[in-house]
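Chemist: Have a look at the structure that comes next, please.
The values are calculated or read from the model by the stated rules, or taken from the named source; none is laboratory data. This is a predicted model, so every value here is computed, not measured. FYI the Cβ positions are ideal-geometry reconstructions off the backbone, even for glycines, and counts take in every protein chain you see. Note: accessible area is taken over every heavy atom of the protein model, side chains too, but ligands, DNA and RNA are not part of it. Shrake-Rupley method; radii C 1.70, N 1.55, O 1.52, S 1.80 Å.
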Amino acid sequence: MSHFGSYDERVKNFDWKISENELGYKEGDPINIGWYCTDRICEMGKADKPALIWEGPTGNEKRYTYNDLRLTSNTIGSFLRSLGIKNEDRVCLFMDKIPELYLGFLGILKIGAIAQPLFSAFGDESLFIRLENAQTKAIITQKKHAPKIRKIIDKMPWLEHIIIVDQDPAKPLQEREVSFNLDEAPKVETFDIFPTYAESPSVLHYTSGTTGQPKGVKHVHASLISQYLTAKWVLDLHDDDIYWCTADPGWVTGTSYGIIGAFSNGVTQCILDAGFSADNWYRFIEKHKVSVWYSAPTAIRSLMKAGDDVVKRYNLSSLRHLASVGEPLNSEAVIWSEKVFGKPFLDTYWQTETGCMVITNFPDMKIKPGSMGKGFPGIIATVVDPETYEPFEESGKMGLIAIKPGWPSMMRTYWNNEETYQKKFVNGWYIPGDRSSIDNEGYFWFVGRDDDVINTGGHLVSPFEVESALLEHEAVAESAVVAKPDFVNMEVVKAFVTLKPGFTASKELDLQIMNFVRKKLSPLAMPQEIEFVETLPKTRSGKIMRRILHAKEWGEEIGDTSTLEED
Ligand code: PRX
């Protein structure tokens, strides 16, 4: 029996109080996500229940019960306090998917500080831009990532502490560095959790746009109310489930559903901190008897590519419920998953900004492969005319997704950028920036983004950031960055580059530029292809027209070129 039941009934009777009552929360009470994910579950009698089963790259394992989660998050919180970190200070988590990332996140929230998770593959420039914007006070990291911080430390007077969780005691620490070993630290049994309230800031996630620097999406502790209930209803989490969310907490899925949604529901979750291979993933599911699996289309397409035979080598009968997020889930992938796993992947649509699933398929609902499903109860979602911002009266028309603001996990602002935040609201709607249509049964069908942001394997990459990095290379005169189609990642980064006098295009230069971007930004942002060109298409005012290059890559009509300087 699913927790969800009938969609129509749920919509008719919906009130966020359903979630508040289950959480035992009343408006005006203190609400702290760290407490809800640890101490509260212990108080409910589940202190000895496994909370986190972690497997590392060599198959090494660490296990934590809910009581361990409580104690370790207290211990980290207490250590941060001893350094002088207080509520609302930004604390960055810059680590692989090791236990300290999950436990550190909870510890930061317990002291009322703001967790700023950043993807550990970020290069020094990606890191600097985000730490500067947030004026981050401390960063928790591993020794292997510390050199990237050391490289930029002189530019960051506001960064007071670099906390290294695996420091080799024989090696000296450098400026502002401090060692903290969770396994050796005395566990803190009693701890004063900071009394955060519904509107107290909790998490700051950075997301990329077409123009300008990445935006810091500010979330608050009240987000728990929608993350708890969407996790319970859409992921259909039951007490005996073993849950696996494949996302990295450097991105929002890994925190909303890889930490908050899972632990506040008191389930056992497992984490695999190892590179992708179909064999390894199926082995992991078989070994841990994963029953609920939340993943992403790129991973599903990679599994498809690995073929059906490898699936047959493993016993995957524990799988009960599958869901996906981050990019369009093509109907072939849904049909394939039904064939090989006996269950479809349910597509869920949301954003860093929405904090929780907003348009989604539900257990017990008719699945239409290729559709994102319907609005979550209590969330009014529609498609509006891009000219008038009024909802279409007939079904089937393509327009912009629009959502009525007001659900608990909606972002509260972009950090230091209220102006851009305000622009996301038009005619009383929040406009996520995606195009879709709605069919005559109310199902949403994703069409594409309404901007130039590249979604590669579920990760948003700003063409502006990549172009800026390219321009820092000594050989590059001008650049334009667009998405290029790719079977597995759906889109990958492609750069068009004109060279400065004295430089000539070559395979070596190509690799050198790619590597330059990878180191500065991240492997995701690295162009998979560089095309050296003589000129780039521009408007009469000199603005590079990415649209033309994009259309060529996708074999689409180029459209109006009347403002082109040259054709
Ligand atoms: O364009 C949409 C796409 O990913 C964007 C949000 O990216 P981000 O903030 O990084 O959050 C990703 C994980 C929640 C959206 O604006 N997107 C997300 N889910 C889907 C999707 N595109 C198509 N189908 C989806 N299910």
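Chemist: Any idea which residue in region 468-479 is farthest from THR504 (Cα to Cα), counting only those that are under 28 Å from the mean Cα position of the chain (by Cα) and surrounded by 20 or more Cβ atoms within 10 Å (Cβ to Cβ)?
Modeler: ALA469
Chemist: While we're looking at this one, here's another question. Could you name every one of the strands (runs of 3 or more DSSP E) located completely within region 174-261 that has at least 1 residues being of a type in the set (S, T, N, Q)?
Modeler: Working: elements: 177-179, 201-207, 215-220, 242-245.
Qualifying strands (runs of 3 or more DSSP E): 177-179, 201-207.
Chemist: Given LYS500, LYS507, LYS484, LYS494, which one is open to solvent by 10 Å² or more (accessible area, probe 1.4 Å), away from the ligand (no atom under 13 Å from the Cβ) and touching an Asp or Glu at 6+ places or on another chain (Cβ under 7 Å)?
Modeler: On the way: LYS500 fails: touching an Asp or Glu at 6+ places or on another chain (Cβ under 7 Å); LYS507 fails: touching an Asp or Glu at 6+ places or on another chain (Cβ under 7 Å); LYS494 fails: open to solvent by 10 Å² or more (accessible area, probe 1.4 Å).
Every option except LYS484 fails the conditions.
Chemist: Right, next: Does any residue in region 325-343 that is of a type in the set (A, V, I, L, M) come within less than 9 Å, Cβ to Cβ, of a residue that is assigned to a loop (DSSP other than H, G, I, E, B) and open to solvent by 40 Å² or more (accessible area, probe 1.4 Å) six or more places away or on a different chain, and which pairs are these?
Modeler: Once the first residue is of a type in the set (A, V, I, L, M) and sits in region 325-343, its partners that are assigned to a loop (DSSP other than H, G, I, E, B) and open to solvent by 40 Å² or more (accessible area, probe 1.4 Å) give LEU329/PRO369; ALA333/PRO369; VAL334/ILE367; VAL334/PRO369; ILE335/PRO369; VAL340/ASP308.
Chemist: Residues being over 27 Å from SER395 (Cβ atoms) and within 9 Å of the ligand (Cβ to nearest atom): count how many of those fall in region 445-471.
Modeler: Qualifying residue count for the region: 4.
Chemist: Let me ask something additional. Of the conditions (1) modelled with pLDDT of 95 or more; (2) within 25 Å of THR210 (Cβ to Cβ), GLU508 fails just one. Which one is it?
Modeler: (2)
Chemist: Go through the residues of region 448-468 one by one and say whether even a single one is more than 27 Å from SER302 (Cα to Cα), outside any helix (DSSP H, G or I) and without any contact (Cβ under 8 Å) to a residue 12 or more places away in the chain.
Modeler: no
Chemist: Take PHE276 and decide whether it is in contact with a strand residue (DSSP E or B) (Cβ under 7 Å, 6 or more places away or on another chain) and surrounded by fewer than 21 Cβ atoms within 10 Å (Cβ to Cβ).
Modeler: For PHE276, the condition - in contact with a strand residue (DSSP E or B) (Cβ under 7 Å, 6 or more places away or on another chain) and surrounded by fewer than 21 Cβ atoms within 10 Å (Cβ to Cβ) - is not met.
Chemist: In this structure, is ASP240 open to solvent by 10 Å² or more (accessible area, probe 1.4 Å), within 14 Å of the ligand (Cβ to nearest atom) and assigned by TED's automatic domain parsing to the domain that holds ASN361?
Modeler: Spelling it out, it is not the case that ASP240 is open to solvent by 10 Å² or more (accessible area, probe 1.4 Å), within 14 Å of the ligand (Cβ to nearest atom) and assigned by TED's automatic domain parsing to the domain that holds ASN361.
Chemist: Which ranges mark the helices (runs of 4 or more DSSP H) fully within region 99-170 that have 3 or more residues being touching a strand residue (DSSP E or B) at 6+ places or on another chain (Cβ under 6 Å), open to solvent by less than 10 Å² (accessible area, probe 1.4 Å) and at pLDDT 95 or above?
Modeler: 99-110
Chemist: Take SER409 and decide whether it is touching a residue at least 24 places away in the same chain (Cβ under 8 Å), surrounded by fewer than 21 Cβ atoms within 10 Å (Cβ to Cβ) and within 14 Å of the ligand (Cβ to nearest atom).
Modeler: No, not satisfied.
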